[in-house]
Amino acid sequence: MRTQVAIIGAGPAGLLLGQLLHKAGIDAVILERQTADHVLSRIRAGILEQVCIDLLDEAGVGERMHREGLTHEGFELLIDGRRHRVDMAALTGGKTVMVYGQTELTRDLMDARAAAGLPTVYQAGDVAVHDFDTAQPRVHYTRDGQRHEVVCDFVAGCDGFHGVCRASVPRARVTEFEKVYPFGWLGLLADTPPVNDELIYVNSARGFALCSQRSHTRSRYYLQVPLTDRVDSWSDDAFWAELRLRLDDEANARLVTGASLEKSIAPLRSFVTEPLRFGRMFLAGDAGHIVPPTGAKGLNLAATDVKYLAGALIEYYQERSEAGIDGYSARCLKRIWRGERFSWWFTHLMHHFPEDGAIGERFQQAELDYLLHSESGLRTIAENYVGLPLDFVA
Ligand code: FAS
Ligand code: PHB
């Protein structure tokens, strides 16, 4: 097979890139190692920044998102039993975020790709990328016992943290930055009405919790748990009982519990690869970076990478200019590191770090006390949460 762009991975990054390239008349094939159902079964992000919303509109897949998504103007911080609202709209000149599950966004992108008859190979096994330093990279994969080859102009590594593209780059050409957090997030999805109109981020004596949502009838909750915990040791009842211990009376009075539709433990890490371009191969999304989900940045950073990469490839094909592809890595990394910093900082603000000792706990309390009683403190939380402007100059 011959195509212009070979996209590895049919998660939100790969699918969104494929849609943006298609709208510009650029051919691409997506190679995904799982089935479409498996991709859709992974419960992940829930908050979209305006940049991501605009991109989905640009890709022509925003209709259901606008119909079913929930616009949120603020969120609550529940700190040792006291609530503090972060009024994002007031603090950022009207900016908001949208609650719309990654699963739904991925489904919309999959449906649009299928409707346009665009090629996606699911269950593509043993994907291998070759010659990405030449003008004609090649990608090999196995499907139905047959080995196949894709010859292309460019490879887009949208294959997530455990993908093959970053792993195919000689170590000497890559610098990786990583911080692994000493706890995980136990997440539970249930068809129960959300406990609050807006999200509640909790820093309690027993650890972090998050009350999120997917719709007016579907809720998503998280608990900070030790890395040694296993999801099958957490019954639904045990989850709800622990969540109740971390909430205040108001939330406990409103909490509706129910059977879990999904329950999983996600490790937390900060991770960045530098650079993000290797000849004719580009990394985008989780393939290049990971953030702890506290700041709801993972999916949104992936969307920005895709915006920049799609723009660079369109510029190459339409104007025969390499300026965009030459500048891709630096342009993405500037925004990625700001997202990484906020996610690391917000994680440190809201979770228990026993290894920091009693003084660490006092520092955290003092920082929260300063931030929550200072308009500039609240604004720094709000402007990072809604998403920093694209291509900010500084
Ligand atoms: P993805 O990992 O979504 O997609 C990569 C795709 O590549 C997958 O479908 C995979 O099957 C495929 N692939 C991998 N290796 C391959 C190979 N060798 N060949 C072919 N295909 C291959 N972000 C938030 O903002 N909020 C959250 O609450 C949140 N929770 C998360 C929980 C978990 C457990 C994880 C892992 C991530 C979470 N994230 C969250 C981040 C997440 O939403 C990512 O940012 C988002 O999925 C990024 O999308 P992609 O870059 O497309 O990567
Ligand atoms: C979610 O709804 O899954 C979610 C929301 C906000 C976060 C992380 C996850 O910061």
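The values are calculated or read from the model by the stated rules, or taken from the named source; none is laboratory data. The model shown is predicted, which means the values in this text are computed figures rather than measured ones. Here the Cβ is made from the backbone with ideal geometry for all residues, glycine too, and neighbour counts use every protein chain on show. With ligands, DNA and RNA removed, areas are computed over all heavy atoms of the protein, side chains included. Shrake-Rupley method; radii C 1.70, N 1.55, O 1.52, S 1.80 Å.
Tabulated values for the structure
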item: Cross-link reach list, aspartates and glutamates versus residue 297, counting only Cα pairs under 14 Å and skipping chain neighbours closer than eight places; result: 49, 286, 305, 340, 383
item: Residue 348 accessible area, assembled protein chains, probe 1.4 Å, Å²; result: 50
item: Over segment 240-394, relative contact order from alpha-carbon pairs under 8 Å, at least 6 apart, %; result: 18
item: Accessible solvent surface per residue of the chain, calculated while the other protein chains remain in place, 1.4 angstrom probe, Å²; result: 41
item: Radius 12 Å from Cβ of residue 347, net charge of other residues (Lys, Arg +1; Asp, Glu -1); result: +3
item: Radius 9 Å from Cβ of residue 85, net charge of other residues (Lys, Arg +1; Asp, Glu -1); result: -2
item: Those aspartates and glutamates that a straight Cα-Cα span of less than 16 Å connects to residue 263, excepting residues fewer than 8 apart in one chain; result: 191, 229, 232, 236, 237, 242
item: Kyte-Doolittle mean at least -1.0, axial Cα span of 27 Å or more - DSSP H helices of the chain; result: 298-319, 323-350
item: Heavy-atom accessible area ranking, 1.4 Å probe, most first, across 326, 237; result: 237, 326
item: Beta bridges by DSSP in segment 142-281, antiparallel share as percent, to the nearest 5; result: 95
item: Beta bridges by DSSP in the chain, antiparallel share as percent, to the nearest 5; result: 75
